[in-house]
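Nothing in this text is a laboratory measurement; each read-out follows from the coordinates by a stated rule. Quick caveat, the model's predicted, so the values are computed rather than measured. FYI the Cβ positions are ideal-geometry reconstructions off the backbone, even for glycines, and counts take in every protein chain you see.
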Amino acid sequence: MRLSIRVTTMTLLGTGLVFWSVVGRAQQDPQQEGVGAKAGEKLDEVGRAIKKGILNAEETVRDGLNKTGETVREGFAKTRESVQGMGLVPRVYGRLHWDKALHSSTLFVKAEGGSVTVRGMVPDDATRTKAIALIKDTVGVTHVIDQLSVVSSSAPKLRPASSR
């Protein structure tokens, strides 16, 4: 569209230069007064054509934006239907699986109605809090039963016996 406006502007400027040179000659030669009037009419026609072109370009952009908006709305509606069609357990697992803090945790989820029970092991209290918050924030969850265990980092680690 920018190129179209540039070309149109250059055309208008060129036409204006021709017009003014014809008008200048017409003022010098009384026999060519009609030529100046004709050039003025042509310049008006070019101006109207340019205005029409710009209005058509604006309408085309507006139509494109409307179509894009419709496409986005349709995509959103399909996604919403898909999410609502999923069971509660897959939705919760999806939320937990994609969170980097919970990626290394082993979690088990059970749902009855809107109540979700989560059990498993998490590395720390912050991760536990994050897991519970994600579950509570999942569409369809009304209640969370927390059965998560925090693996204490201060617990002594077992080392395999060395063979001699």
**Difference of contour (0.36 nm per residue) and Cα-Cα distance, residue 136 to residue 50** = 25.1 nm
**Message:** Could you give me D for the range 88-150, from Stokes-Einstein at 4 °C and 1.567 mPa s, where the hydrodynamic radius is the Kirkwood radius over C-alpha pairs? Units µm² s⁻¹, please.
**Reply:** 115
**Item:** Using θ = phi - 60° and Karplus 6.51 cos²θ - 1.76 cosθ + 1.60, couplings along the range 41-48 (whole Hz; Gly, Pro as x)
**Value:** 5, 5, 5, 4, 4, 4, x, 5
**Message:** Sorting check: for 51-62, 140-151, which peptide has the highest mean count of neighbouring beta carbons within 10 Å, and how do the rest follow?
**Reply:** 140-151, 51-62
**Request:** Using label points projected 7 Å from each Cα along Cα→Cβ, tell me how many nm separate residue 71 and residue 103, to one decimal.
**Result:** 3.2
**Under the Karplus curve 6.51 cos²θ - 1.76 cosθ + 1.60, θ = phi - 60°, whole-Hz ³J(HN,Hα) for the range 125-134, x wherever Gly or Pro sits** = 5, 5, 5, 4, 4, 5, 4, 5, 4, 4
**Complete:** For residue 107, other-chain or 5+-apart residues with amide H closer than 5 Å (H placed, Pro excluded) are none
**Request:** Starting with the highest mean, order 95-101, 122-128 by the number of other Cβ atoms within 10 Å, averaged over the residues of each peptide.
**Result:** 122-128, 95-101
